Amino acid sequence: MSRSLLRVDSSSKLLLFAWKNNVANPQKENGYTAIANEILEALAKIRINGEARQVLDVILRKTYGYHKKQDRISLSQFAKATGLDSKAVCRAITKLTSMDIVIKISSKDGNIYVFQKDNDKWSPVAKVPVAKQVVAKGVVASGKNVDKPVAILPHTKERKISIQKIGEEKKPLPRDKAVDFFNKGDSFKRALGYLTDKGVAENLATMEFNKFISYWTETNSTGKKQRWEMEKVFDINRRLGLWLSKVNQFNNNKKGKGIIL
């Protein structure tokens, strides 16, 4: 029997096995996404966290998978395709746009996403060293030796990355506060709680917050930066307080003044 016949016979047995045992057996003939090897090799060299990589895969599938350069994708589509909630999806999109891997174009009909295939324009995130835990011998009051974990910080003399001391609470940077608020994280909830405690209806406060977010997260003509990122200084507390001071419902009793996120 010829080798070609043996190969066909082996393939047929594999297909029959997959069909009988109900196991996944994807075939390129049923559809595939054509991605250049150079892109895959570049992606293999850059650090992208799990959520961001999931969202990136969806963008590639929705664009290159349909032979398109860009596509309008809703948050619900991202959530359905990845299994992530909308907050996690927004966080991942912000991550990808900040790394210049994805370009987000805002429009009244929904956001449009473009994969930046020029990997020279990507902005990789530096890996932050993690403190290692080693076990050392310690002595307690009774005089007995016990195993005691001791934190050893990595050598950082030649690194420009500052390492947070163990046990020291990290103070969020203004940029981190803004990103967290725009993604409706803890700072958003704190601001909402502050206003509701002042007697402001939650739906009214949420509506005004959404207007604030929509305004400041609008991207520029290139789709690379959002409005707030183009400001030299952006203090989310002051910006939000100023925004609310111009709204009658908040201005009457200065309820929006003094918000601390």
If you wrap a convex hull around the alpha carbons of region 174-251, what volume per residue comes out, as a whole number of Å³?
91
Ranked highest first by average number of other Cβ atoms within 10 Å, how do 88-98, 204-214 line up?
88-98, 204-214
Given Cβ point charges of +1 (Lys, Arg) and -1 (Asp, Glu) and nothing else, what value in debye, to the nearest 20, does the dipole of region 174-251 about its Cα centre take?
200
Can you give me the relative contact order of region 30-121 as a percent, contacts being Cα pairs under 8 Å and 6 or more apart?
30
Label-to-label distance, nm, for residues given as ASN111 and ALA44 (7 Å Cα→Cβ offset):
3.0
When the chain is fully extended, how far beyond the present Cα-Cα distance does TYR66 get from SER245, taking 0.36 nm per residue of separation?
59.7 nm
Label 7 Å along Cα→Cβ of GLU218; region 72-102 residues with amide nitrogen under 17 Å?
none
Given LYS45/LYS177; LYS95/LYS224; LYS184/LYS211; LYS45/LYS104; LYS28/LYS69; LYS62/LYS117, which pairs have Cα atoms separated by over 18 Å?
LYS45/LYS177; LYS45/LYS104; LYS28/LYS69
Can you give me the distance in nm between label points at GLU231 and ASN210, each placed 7 Å from the Cα along the Cα-to-Cβ direction?
2.2
Figure the gain on full extension for LYS198 and LYS28 (residue separation times 0.36 nm, minus the Cα-Cα span) and round it to one decimal in nm.
55.3 nm
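Just so you know, all these numbers are worked out from the coordinates, no wet-lab data involved. Remember, predicted model here, so these are calculated numbers, not experimental data. Neighbour counts run over all protein chains shown; Cβ positions are idealised from the backbone, glycine included.
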